[in-house]
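Right, one structure below, let's go through it.
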């Protein structure tokens, strides 16, 4: 009977085969990973291209609307007005919203600011009023030029002690810093949330005013609201809304002073917000 002899070459060949198999598997995983990355990059580039095109169309619609307002010599608005615009075969709705429909951070009296925090963020009066007073004290601080210390953006609220991000998130859509000398609010241009603040936290009152605005326009009954003044203003917000290729609305916002002139244009640009795509409804912050 012959004894079995171990062949070291066979062992080396087996180890080499296993190494080759591992290398092939690793290369396969790398190739698959690169394919996924490339597909993601292509998809992201395509989305960016579509978003850039949609933003350009929205901006063009806003410019065309401003041009039509200049041709019609329309320099001031008291109520919200909507204009349908077509750009390269795309339908765009441009809403012109007077900025005095928002609460001015630089001009609103402390009781109105307190109402915004009480009915906008659900704070009790004993917490809302100190925040309003803190904002008022911040506005009164002199600058090096001895001018009022105005808020430059709504985000400046986060500089106020006691205003957390949760409070800011629930009230930021109530305020504006782009209008001057506007201590009260125009209810004909206010959003339902601002109307709820003016109505002492009564959403039914806000819905009633909104319905009256649709039916009667500038003749809508706004009795029962506080801190109101129905004045026209040259400071407006232009909101362009269009459907993108994914059937999701894209919203682009400009803020403009129709009366002033700047950089060779017959209006002055106050600011613009980044375009926003709306799909699923946003998550509402939890009440504090």
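We did not get these values from a lab; they are worked out from the coordinates using the rules stated. These figures come from a predicted structure and were not determined experimentally. Every residue, glycine as well, gets a Cβ built from its backbone with ideal geometry; the counts of neighbours run over all protein chains shown.
For the range 103-219, the C-alpha radius of gyration divided by 2.2 N^0.38 Å, with N the number of residues, is 1.10.
Would you mind classifying the range 20-105 by shape? Square roots of the alpha carbon gyration tensor eigenvalues, ordered a ≥ b ≥ c; an a/c under 1.5 is rounded, otherwise it is prolate if a/b is larger than b/c and oblate if not. The shape class here is prolate. Extending 7 Å from the Cα toward the beta-carbon at both residue 127 and residue 91 defines two label points whose distance is 4.5 nm.
Here the alpha carbons of the chain define both size measures, Rg and Dmax, at 29.1, 115 Å.
Distance between the C-alpha centres of the range 48-70 and the range 90-135: 29 Å, rounded to the whole angstrom.
Report the residue, chosen from 37, 276, 20, that carries the largest GNM mean-square fluctuation when the chain is represented by alpha-carbon nodes joined by springs under 10 Å. Judging by the Gaussian network model, the answer is 20. Given R0 = 35 Å, the distance between the Cβ atoms of residue 136 and residue 44 translates into a calculated FRET efficiency of 0.15. At 7 Å along Cα-to-Cβ for each site, give me the label-to-label distance between residue 218 and residue 159 in nm. Here the modelled spin labels are 3.8 nm apart.
Over the chain, dividing the summed -39,500 (n - 2.57) contributions of all DSSP H runs of at least 4 residues by the number of residues returns a 222 nm mean residue ellipticity of -14500 deg cm²/dmol. The slack in the chain from residue 231 to residue 149, taken as 0.36 nm per residue of separation less the alpha-carbon distance, amounts to 27.0 nm.
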